[in-house]
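Report on the structure given below.
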Amino acid sequence: MTLPRIGGSAGARGAFISFEGGEGAGKSTQIARLAATLRARSGHGVCVTREPGGSPRAEEIRTALLGGVAKPYGPFAEALLFSAARIDHLDRLIRPALGRGETVLCDRFIDSTRAYQGAAGGLDAAVLDALERVVVGPTRPDLTLILDLDPAAGLARAAGRGARTGQGADRFEAEKLDFHIRLREAFLAIARAEPERCAVIDASRDPDSVEAAIRDAVAARLPDLLPGEGARGDAA
Ligand code: Z5A
């Protein structure tokens, strides 16, 4: 189904698409591919960004969070820091880009806070709901692509990349497997609770097959972004 764009008719505001999932699910790989497709096909500008980060101040907070600076203070303090980064990111980058009619592709957004600090970290859902209302307001994704992968496979992919680049595990990658299993369950529960916004993509397949499933989901949910592809149906 086609989702209404918040705050105006189609064309008045760009589309907002978030990518979610566990470690190593392939979000960065697939965002780059979708951005290239949309730039070639849609005629809209495309803004690729990520959380935490996306604006200079939010990138500073990212460095602290992934370095584990906030971990000793617990999931509430971490959620506040992710929120502080998000406020700046929304004000400086996301809302202006949407206002110019650009399509925004964001690597992680509110569902990562729900999954990491909420379901896996133990923070109360009511606290997260309140934070979301204050921080995000009406600027919610039109479509969220949840890349679903066995956590052991995702961690192995991330470790393989780490071995190639020489980068060690960050604060979240270093969590034990049961934390990552809770994350996967949390993302799938979000998809079940909000099927109109979320599409679950099987991320265990090869990159070309995952890309095709993502294009199908975008064409089905936001057909004006990929004109002529809308009839092929939705993803899983
Ligand atoms: N976090 C949070 O706790 N709360 C919040 O509110 C927010 C975030 C917003 C950000 O880390 C961390 O912040 C994140 C959650 C937390 N946890 N961690 N860690 P990040 O941005 O540095 O990392 P990430 O978001 O988890 O992404 P990632 O680990 O870089 O993975 P990815 O982007 O999903 O995957 P990739 O880089 O595209 O691919 C990983 C490797 O697999 C790479 O070598 C690829 O070549 C390979 N790959 C990709 N696709 C495939 C397929 N289909 N088959 C085989 N191999 C593949």
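Miscellaneous remarks
- Every residue from segment 169-187 that is charged (D, E, K, R) and within 12 Å of the ligand (Cβ to nearest atom): Asp170, Arg171, Glu173, Glu175
- Selected residue [open to solvent by 50 Å² or more (accessible area, probe 1.4 Å), closer than 30 Å to Pro72 by Cα and modelled with pLDDT of 95 or more] from Ile181, Ile190, Ile146: Ile181
- Cβ-Cβ distances below 9 Å connect the following pairs, each with a first residue in segment 56-74 that is free of Cβ contacts under 8 Å to residues at least 24 places away in the same chain, a second residue that is of a type in the set (Ser, Thr, Tyr), and a separation of six or more residues or different chains: Val69/Thr63.
- Identity of the residue in segment 206-219, open to solvent by 20 Å² or more (accessible area, probe 1.4 Å) and in contact (Cβ under 8 Å) with a residue 40 or more places away in the chain, that ends up farthest from Lys27 (Cα to Cα): Arg215
- Qualifying residue in segment 67-90 (condition: of a type outside the set (Gly, Ala, Ser) and either under 23 Å from Glu196 (Cα atoms) or touching a strand residue (DSSP E or B) at 6+ places or on another chain (Cβ under 8 Å) (or both)): yes
- Summed over segment 104-142, the residues that are outside any helix (DSSP H, G or I) and either in contact with a Pro (Cβ under 9 Å, 6 or more places away or on another chain) or under 16 Å from Ala189 (Cα atoms) (or both) give a count of 9.
- Segment 149-174 residues that are more than 26 Å from Ala70 (Cβ to Cβ), paired with ones that are more than 8 Å from the ligand (Cβ to nearest atom) and open to solvent by 70 Å² or more (accessible area, probe 1.4 Å) (beta carbon under 8 Å, 6 or more apart): Leu149/Arg184; Asp150/Arg184; Ala152/Leu177
The values are calculated or read from the model by the stated rules, or taken from the named source; none is laboratory data. Every value quoted in this text rests on a predicted model; they were computed, and no experiment measured them. Every residue, glycine as well, gets a Cβ built from its backbone with ideal geometry; the counts of neighbours run over all protein chains shown. Side chains included, ligands, DNA and RNA excluded: accessible areas come from the protein's heavy atoms. Shrake-Rupley method; radii C 1.70, N 1.55, O 1.52, S 1.80 Å.
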